[in-house]
Number of protein chains: 2
Amino acid sequence: MSEALWDRSRCSVAGTLAVVGEKWSLLVLREAFLGVRRFADFQRVLGAPRAVLTDRLNTLVEQGILRRVPYQAEGERQRHEYRLTQKGVDLHPVLVALMRWGDQYLAEDGEAALELRHRDCGEPVHQVLVCEAGHQLSGARDVRPVPRGSRA
Amino acid sequence: MSEALWDRSRCSVAGTLAVVGEKWSLLVLREAFLGVRRFADFQRVLGAPRAVLTDRLNTLVEQGILRRVPYQAEGERQRHEYRLTQKGVDLHPVLVALMRWGDQYLAEDGEAALELRHRDCGEPVHQVLVCEAGHQLSGARDVRPVPRGSRA
DNA sequence: TCGAGTGAGTTCGTCAAGTGAACTCAGCCG
DNA sequence: CGGCTGAGTTCACTTGACGAACTCACTCGA
């Protein structure tokens, strides 16, 4: 059994969840990917309590996932908005995976709200696993998790 | 701006998080993918409070992500273990995405604990986006989210 | 210059959820 | 019978989420 043979304390799943696993964090990022940048817009579309939203945005900025950018709208004082960094953009696969599972299992009546398409050709996109030899894997059963450093 | 043009109430990201977004749920599934099946093993490797673990396992069973399978070890009474259903297996991409981000950004010192390899050829695997025309996308910026039903 | 308006954030009382230790319960075994 | 073990419950405590009210800084219209 593999469950005793690796070090849970450095598990990347747990580590990532420690950063973005709190309530609202991933929903904030979903909106960020859709172009939302200002506090009031996050608050309005998410309906999250202001205190929580403040905390989540601060945490995401501290973690380098969002960055604060100053701006001024006409007739307003200078404020800052929140934009994804590269580190934040790299969380895109997490949101895509969550979205696809929800589309598959939770969207019985009616349809899912959003669809992802290739910007260049307009075709729907899917998330797949490929190996470095170029094979496309058919699912989780084609994957073998090995402790880092094991022999192939 | 796209942020006003779609229906958040049927967002699949939020829906999926409502099912598996509670504390410990995704870590339970991580262990399930690694072969853990019994309550005591989940409890031991995760260190989660028993009450929470009971609740999370029950929720995952109710949601059809795990199923209870009876078994008896020699010299013990009959118990049940928890196994992934297809619905549970389909959450694999979520865990892979979380793991890859953590590998990339949280594993500075030392190495990530686990690596994913193709069962057939032994090569490391990566998660990528492809479109139905066969193009491989290079990242989040190649994706255009469109409200379902929009023109291509 | 004053007062209302607004975006962003804080404070506060309340309530839900997570935590860890102690307790329960059922069946097997000596 | 009496103890052991895996699974689960109960309980007191702490942490986190919630929503309304309040604060603060700045702009604008009067």
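The values are calculated or read from the model by the stated rules, or taken from the named source; none is laboratory data. None of the values given here were measured: they were computed from a predicted structure. So basically every Cβ, Gly included, is an ideal-geometry build from the backbone, and we count neighbours across all protein chains shown. Side chains are part of the model used for accessible areas, which takes the heavy atoms of the whole protein and leaves out ligands, DNA and RNA. Shrake-Rupley method; radii C 1.70, N 1.55, O 1.52, S 1.80 Å.
The residues listed here are B:74, B:111, B:62, B:81; of these, the one that is more than 11 Å from chain A (Cβ to nearest Cβ), over 18 Å from the mean Cα position of the chain (by Cα) and away from DNA strand D (no atom under 11 Å from the Cβ) is B:74.
Applying the condition of being within 16 Å of DNA strand C (Cβ to nearest atom) and surrounded by fewer than 21 Cβ atoms within 10 Å (Cβ to Cβ) to segment A:1-13 and asking which residue is farthest from the other protein chains (Cβ to nearest Cβ) yields A:9. Answer yes or no: is there a residue in segment B:36-47 that is in contact with a Cys (Cβ under 8 Å, 6 or more places away or on another chain), under 22 Å from residue A:144 (Cβ atoms), assigned to a helix (DSSP H, G or I) and more than 12 Å from DNA strand C (Cβ to nearest atom). Scanning segment B:36-47, I find no residue that is in contact with a Cys (Cβ under 8 Å, 6 or more places away or on another chain), under 22 Å from residue A:144 (Cβ atoms), assigned to a helix (DSSP H, G or I) and more than 12 Å from DNA strand C (Cβ to nearest atom), so the answer is no. Being farther than 27 Å from residue B:104 by Cα and within 9 Å of DNA strand C (Cβ to nearest atom) is a condition met by at least one residue of segment A:62-73. Show the residue pairs meeting these rules: Cβ distance below 6 Å; 6+ apart or different chains; first residue within segment B:10-25 and farther than 16 Å from residue B:62 by Cβ and among the hydrophobic types (A, V, I, L, M, F, W, C); second residue modelled with pLDDT under 95 and not in a helix (DSSP H, G or I). Pairs that qualify, where the first residue is farther than 16 Å from residue B:62 by Cβ and among the hydrophobic types (A, V, I, L, M, F, W, C) and the partner is modelled with pLDDT under 95 and not in a helix (DSSP H, G or I), are B:11/A:113. Report yes if some residue within segment A:94-105 is within 7 Å of another protein chain (Cβ to nearest Cβ), open to solvent by less than 40 Å² (accessible area, probe 1.4 Å) and farther than 20 Å from residue B:21 by Cα; otherwise report no. For segment A:94-105, residues within 7 Å of another protein chain (Cβ to nearest Cβ), open to solvent by less than 40 Å² (accessible area, probe 1.4 Å) and farther than 20 Å from residue B:21 by Cα: absent.
Of all residues in segment A:29-54, those being more than 14 Å from chain B (Cβ to nearest Cβ) and either surrounded by 15 or more Cβ atoms within 10 Å (Cβ to Cβ) or in contact with a Lys or Arg (Cβ under 9 Å, 6 or more places away or on another chain) (or both) number 2. The residues listed here are A:56, A:83, A:67, A:37; of these, the one that is touching a Ser or Thr at 6+ places or on another chain (Cβ under 7 Å), touching a residue at least 24 places away in the same chain (Cβ under 8 Å) and among the basic types (Lys, Arg) is A:56. Evaluating residue A:54 against the criteria (1) under 18 Å from the mean Cα position of the chain (by Cα); (2) within 11 Å of DNA strand C (Cβ to nearest atom) leaves one unmet condition, (1). Just one residue in the set B:141, B:119 is open to solvent by 80 Å² or more (accessible area, probe 1.4 Å) and facing chain A (nearest Cβ under 7 Å); that residue is B:119.
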